[in-house]
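K.L.:
Sharing a structure, written as structure tokens. Questions coming.
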Amino acid sequence: MVYTFPPGFQWGVATASYQIEGAADARGVSVWDVFSQTPGRVLHGDTGAIACDHVHRFRDDIALMADLGVRHYRFSISWPRIIPEGRGAVNDAGLAFYGELVDTLLEFGITPHATLFHWDSPQALEAEYGSWRSRQMAQDYADYVTVVVKKLGDRITHWMTLNEIFCFTHIGYGVGHVPEMAPGTVVKTSKEVWQTSHHALLAHGLGCQAIRAASPQPCQVALVDNYLATVPLTDTPADIAAAQAAFPLTGTNGGILYPALTGEYNPQLLADLGKNAPDILPGDLATIHQPLDSLGFNVYTGVYVRAADNARGFESLPFPQSYPRMHMPWLHILPDSLYWGVRHISDTLQRPELRVFISENGCAAQDELTSAGEVLDLDRIQYLQQYLRSAHRAVQEGYPLMGYFLWTFMDNFEWAYGRDRRFGVTYVDFATQQRIPKASYHWYAHCIEENRVV
Ligand code: PNW
């Protein structure tokens, strides 16, 4: 079977500043610097101080991206590289770096899609007021956004506010245990955690307003979320209805994606949270609920759901131990999550104008360099092939899926897993910083060239 995408389907790759840039001495300190320098937080004690040294190698990296054939690149801008102390003085060299990056992309015919925040909060704001624990963070974020968009908005028209609010709030703050992500703060109640994601939602809302106010030209504004896709166990109408009903009540969907898209927290979620629900001030929900042009969906896995004879009418099913996964504990292979995620969001919201992108999809694999200097990552190819077929199904059935950004262009600093886990289609030899395209790079290049997956 050949799965051809419509003309204009946007093929891309995605990265994030802290994971690739390095050049830590040329920017302010981020919470990920502090977190990764704390013994025991990151596997093998890796940090992002050098990462892929992309700041010094971006021209070669973009040339390799152009060879891959992508016409779209999603990268993120580091807040502490722009405003080292989080608020106040601007680092002109930091702005100049992104200016050159964008100019180079445009020279190669690649459209820049900029994420304004991908987890690297300025440490100064963490020290001053606890970063996301304070409402002040949202205002400081919006001021930072204004600086960036004023400077780069003449060349960037695709903006994404914050990447995966769930990860830097609900995995950055832990109740009674040290969480897996920065800032790694232990809190007493889950209310405090929900308060951090509420503040991040406020940042999203104020950020949208700041982008539109500062942009010198019409632009597209998106939220990027890793909402959890609920996959019906069978395609019976009962299981499909159960999966759709489960969607706003699964993971943090009802408390992150919902307020941003509908202007209210899912009422059932609030009832379930009870005294752990965040404090919501008058006007907050209107601020959070900004008009959006597109929605970025980061999809790696999902959860199976079936109809059940209980009060809710559904149940989510745990994965058995032997369920196939890629090289991360949570990375259960569930290609249908891509199709169902796009479908539920479209069917539930009935907002056909909202353009949906897969803003990340990919996997970690145990890549090895052969003696011939190749990386034969056949498992990654298999993974990508299945998820792209699922993407094709969504497009084929008329859902507004506009493009696909593969995570990720090259191996990088994979957060708490450091350099141990490789997600790239380009192998990075961290000892020499040499880039070696993997078999999946060539496979993806062929997909892009033919505009199809088989
Ligand atoms: C995303 N989960 O994070 C991030 O946006 C990337 O920066 C990261 O490198 C990539 O996925 C791979 O980890 C996720 O637990 C982290 O399901 C955790 C989960 C999903 C995505």
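The values are calculated or read from the model by the stated rules, or taken from the named source; none is laboratory data. For clarity, every value in this text was computed on a predicted model and none was experimentally measured. All Cβ positions, glycine included, derive from the backbone under ideal geometry; neighbour counts span all protein chains shown. We work out accessible area using only protein heavy atoms, side chains counted, and drop any ligands, DNA or RNA first. Shrake-Rupley method; radii C 1.70, N 1.55, O 1.52, S 1.80 Å.
K.L.:
Using r as the Cβ-Cβ distance of L106 and A372, and R0 as 35 Å, what FRET efficiency do you calculate, to the nearest 0.05?
P.N.:
Efficiency for this residue pair is about 0.45.
K.L.:
Provide the descending list of Cα extents for the chain along its principal axes, expressed in whole angstroms.
P.N.:
Here the Cα extents, ordered largest to smallest, are 58, 55, 46 Å.
K.L.:
Which whole DSSP H helices in the chain pass both tests: a Cα extent of 18 Å or more along the axis and a mean Kyte-Doolittle value no lower than 0.5?
P.N.:
92-107
K.L.:
I need the per residue convex hull volume for segment 152-212, using only the alpha carbons, in cubic angstrom as a whole number.
P.N.:
Dividing the Cα hull volume of segment 152-212 by its residue count gives 76 Å³.
K.L.:
Still on this structure: Apply the Kirkwood formula to segment 122-246: the hydrodynamic radius equals the inverse of the mean of 1/r over all pairs of different alpha-carbon atoms; give it in Å with one decimal. Each step should come with its number before you reach the end.
P.N.:
On the way: mean 1/r = 0.0611 Å⁻¹.
Evaluated over segment 122-246, this radius sits at 16.4 Å.
K.L.:
In segment 262-367, which GluC sites (Glu not before Pro) fall in coil by DSSP and have 10 or fewer other Cβ atoms within 10 Å? Walk me through the intermediate numbers first.
P.N.:
Working: sites: E264, E315, E353, E360; in loops: E264, E353.
The qualifying sites are E353.
K.L.:
Something else: Please enumerate, by chain and number, the lysines with C-alpha under 27 Å from the C-alpha of K191, excluding those fewer than 8 residues away in the same chain.
P.N.:
By straight Cα distance, K191 reaches K275.
K.L.:
For segment 328-454, what is one quarter of the convex hull surface built on the Cα atoms, given in nm²?
P.N.:
Taking the Cα atoms of segment 328-454, their convex hull projects to 8.8 nm² on average.
K.L.:
Given Cα pairs under 8 Å that are at least 6 residues apart, what percent is the relative contact order of segment 164-291?
P.N.:
Relative contact order, segment 164-291: 25 percent.
K.L.:
For segment 260-319, give the percent of accessible area contributed by carbon and sulfur heavy atoms, probe 1.4 Å, rounded to a whole number. Working shown, then result.
P.N.:
Numbers: 1510 of 2870 Å².
Its accessible area is 53 percent carbon and sulfur atoms.
K.L.:
Looking at the square roots a ≥ b ≥ c of the eigenvalues of the Cα gyration tensor of segment 302-358, which shape do they give, rounded for a/c under 1.5, prolate if a/b is larger than b/c, or oblate?
P.N.:
Verdict is oblate for segment 302-358.
K.L.:
Expected output is a single nm value to one decimal: the length gained when fully extending between N276 and H442, i.e. 0.36 nm times separation in residues minus the C-alpha distance. What is it?
P.N.:
Full-extension gain reported as 54.9 nm.
K.L.:
If you don't mind, there's one more thing I want to ask. Ranked from highest to lowest mean number of other Cβ atoms within 10 Å per residue, what is the order of the peptides 34-42, 221-229?
P.N.:
221-229, 34-42
K.L.:
Rounded to the nearest whole Å², what accessible area per residue is found for the chain with the 1.4 Å probe? Write down the numbers at each step before the final one.
P.N.:
On the way: 16750 Å² over 454 residues.
Per-residue accessible area for the chain comes out at 37 Å².
K.L.:
So what is the relative contact order for the chain, in percent, with contacts set as C-alpha pairs under 8 Å and at least six apart?
P.N.:
For the chain, the relative contact order is 18 percent.
K.L.:
Under a crude label model (7 Å from the Cα following the beta-carbon direction), how far is V178 from W330 in nanometres?
P.N.:
The modelled label-to-label distance comes out at 1.9 nm.
K.L.:
Mark the label point 7 Å from the Cα of E397 along Cα→Cβ and return the residues of segment 297-314 whose backbone N is within less than 20 Å of it.
P.N.:
In segment 297-314, the label zone of E397 (backbone N under 20 Å from the point 7 Å along Cα→Cβ) covers 297-308, 314.
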